[in-house]
Amino acid sequence: MGETNWAGNQTFTAERIVRPRDLGEVRETVARAVAVKALGSRHCFNDIADCPGGVLIDLSALGTEVVVDPESATVTVPAAARYGDVAVQVHAAGFALANLASLPHCTVAGTVATATHGSGRRNQSLASAVSGLELVTADGEVKTYSRHDGVVVGLGALGVVTRLTLDLVPAFDLRQDVFDGLPWESVYEHFDEIQDAGYSVSLFTNWARDEVDQVWVKGPGRPGADFFGAKAADGPRHPAHAAGIPADNCTRQLGVAGPWHERIPHFRLDFTPSIGNELQTEYFVPVRHAVAAMEALRAIGDRLAPVLLTSEIRTVAGDELWLSPFHGGDRVALHFTWLPDEDAVRALLPVMEDRLAPFDVRPHWGKLFHRAADYPKLGDFRALATELDPDGKFRGPFVRRHVFGEG
């Protein structure tokens, strides 16, 4: 077929891609297929969306209607809608999503299925905003579920999600301030205070330098010119500023206030996001292990830095979604944006995971990792997947390896 993911490091091995025009065609395709997966924005760096020898379903032609319900403070969206497009319409109605990822380019269903997140001590993953969803199951039937049914973070293993309903909050404004050169001593001593300094806070580092390169603080007020020893940036910054990447595709900085959807993401919807040609990895550890986990990674910083464009440190509030990495409590997110050298990256993953193993580490489902984690509700999820898909038509190699422990 020759189709690849966003990064170009995964070539899909499905026989074909179909683009249904309505729900009936989705149901018919699923019911007839022996192996099938939904295809989102392709912003996954492993084979989670692949379907060897089967059918990939592209839902982008399935309709674009976004319905805001002011009475319930919810919005219902098609699965293939991009967060950036939904946000504009939600804002026009006087509402906001509580959080967004750093990239607004990804589809809602794909983002939710992998528990992708933004930042903020009190902000949960984007999947936590889902109050209900519509799912086409293995027999072609359409079923609806709530956030309490174990299906939200579904990894594509339960069926094809066609519509989702998301909780909303009143629209709000934020400013974005960037600071250079935060001493590691300040990070260790004041980590909680730093993460509480804004609605969303991100630290960028290569793990080898004596200080954190940048701190991005997104909040309603000015944090102050001296931020725990870091100095206010004298111009716009890209997360990989230290690698010489210009800030042209980044959202507005320098403390200029603007709508939530134009400040929470790091990157603008109308530009190529992030670096473009890159690989990604992300690990999550409980907040109580934040300092120890950072020290463990700094100890191998000289091995990480040559392969890194940048690394981001954030916090995400806990939830109760079955396969969410944040199930059971707040976590620190340790994100790595790599140069496009997959062999070098894969050689580092077991080393990093061994370093983080004492800290109850969990990887991001959609990025490169070596070993999956265990989850308290993993057995329940397996049972649900078996009930909804007894023949395993949604059970691609990724799910077989990392959910069912096969091979």
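The values are calculated or read from the model by the stated rules, or taken from the named source; none is laboratory data. Because the structure is predicted, anything quoted here is derived from the model rather than measured. Cβ coordinates were reconstructed from backbone atoms using ideal geometry, including for glycine residues, and neighbour counts include every protein chain displayed.
List of remarks:
- Count of residues meeting criterion [in contact with a strand residue (DSSP E or B) (Cβ under 6 Å, 6 or more places away or on another chain) and surrounded by fewer than 20 Cβ atoms within 10 Å (Cβ to Cβ)] in the range 92-130: 2
- Residues that are crowded, with 22+ Cβ neighbours inside 10 Å, under 19 Å from residue 302 (Cα atoms) and at pLDDT below 95 within the range 200-243 comprise just one, 240.
- Unique match (being among the charged types (D, E, K, R), in contact with a Gly (Cβ under 9 Å, 6 or more places away or on another chain) and either buried (at least 17 other Cβ atoms within 10 Å of the Cβ) or modelled with pLDDT of 95 or more (or both)) among 360, 391, 354, 380: 380
- Of the criteria (1) of a type outside the set (Val, Ile, Thr); (2) touching a residue at least 40 places away in the same chain (Cβ under 8 Å); (3) in contact with a strand residue (DSSP E or B) (Cβ under 6 Å, 6 or more places away or on another chain); (4) crowded, with 18+ Cβ neighbours inside 10 Å, which one residue 12 fails: (3)
- Of all the residues in the range 171-182, those that are under 24 Å from residue 331 (Cβ atoms) and free of Cβ contacts under 8 Å to residues at least 60 places away in the same chain number 2.
- Selection within the range 27-53 - in a helix (DSSP H, G or I) and surrounded by fewer than 23 Cβ atoms within 10 Å (Cβ to Cβ): 27, 28, 29, 31, 32
- Selection status of residue 345, of a type in the set (A, V, I, L, M, F, W, C), within 26 Å of residue 103 (Cα to Cα), in contact (Cβ under 8 Å) with a residue 12 or more places away in the chain and not assigned by TED's automatic domain parsing to the domain that holds residue 158: yes
- Pairs where the first residue, in the range 381-407, is closer than 10 Å to residue 157 by Cβ and touching a residue at least 60 places away in the same chain (Cβ under 8 Å) and the second is assigned to a loop (DSSP other than H, G, I, E, B) and basic (Lys, Arg), C-beta under 9 Å, 6+ apart: 385/395; 389/395; 403/395
- Any hit, the range 292-309, residues being assigned to a loop (DSSP other than H, G, I, E, B), closer than 24 Å to residue 122 by Cα and of a type in the set (A, V, I, L, M): no
- Of the helices (runs of 4 or more DSSP H) that lie entirely inside the range 323-407, those containing 1 or more residues that are of a type outside the set (D, E, K, R) and within 19 Å of the chain's Cα centre (by Cα) span 342-356, 397-402.
- The numbered conditions (1) more than 21 Å from the chain's Cα centre (by Cα); (2) touching a residue at least 40 places away in the same chain (Cβ under 8 Å) are all true for residue 194 except (2).
- Residue in the range 176-199 that is surrounded by the most Cβ atoms within 10 Å (Cβ to Cβ), counting only those that are touching a strand residue (DSSP E or B) at 6+ places or on another chain (Cβ under 7 Å) and either among the charged types (D, E, K, R) or closer than 30 Å to residue 138 by Cβ (or both): 177
- Selection within the range 230-282: residues that are in contact with a Gly (Cβ under 9 Å, 6 or more places away or on another chain), touching a residue at least 60 places away in the same chain (Cβ under 8 Å) and among the hydrophobic types (A, V, I, L, M, F, W, C). The member of this set that is farthest from residue 345 (Cα to Cα) is 254.
Conditions tested, residue by residue: (1) assigned to a loop (DSSP other than H, G, I, E, B); (2) more than 29 Å from residue 89 (Cβ to Cβ).
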position: 190; (1), (2): no, yes
position: 224; (1), (2): yes, yes
position: 235; (1), (2): yes, yes
position: 248; (1), (2): yes, no
position: 265; (1), (2): yes, no
position: 269; (1), (2): yes, no
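Table: residues versus (1) at pLDDT 95 or above; (2) touching a Gly at 6+ places or on another chain (Cβ under 9 Å); (3) closer than 20 Å to residue 43 by Cα.
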| site | (1), (2), (3) |
| --- | --- |
| 77 | yes, no, yes |
| 88 | yes, no, no |
| 95 | yes, no, no |
| 99 | yes, yes, yes |
| 115 | yes, yes, yes |
| 121 | no, no, no |
| 127 | yes, no, yes |
| 139 | yes, no, no |
| 142 | yes, no, no |
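- Taken as a whole, the range 121-130 holds at least one residue that is in a loop (DSSP other than H, G, I, E, B), in contact with a helix residue (DSSP H, G or I) (Cβ under 6 Å, 6 or more places away or on another chain) and touching a residue at least 12 places away in the same chain (Cβ under 8 Å).
- Qualifying residue in the range 59-76 (condition: closer than 28 Å to residue 345 by Cβ and either not assigned by TED's automatic domain parsing to the domain that holds residue 349 or not hydrophobic (A, V, I, L, M, F, W, C) (or both)): no
- Residue that is surrounded by the fewest Cβ atoms within 10 Å (Cβ to Cβ), among those in the range 314-348 that are farther than 16 Å from residue 367 by Cα and out of contact with any Phe, Trp or Tyr (no Cβ under 8 Å at 6 or more places or on another chain): 329
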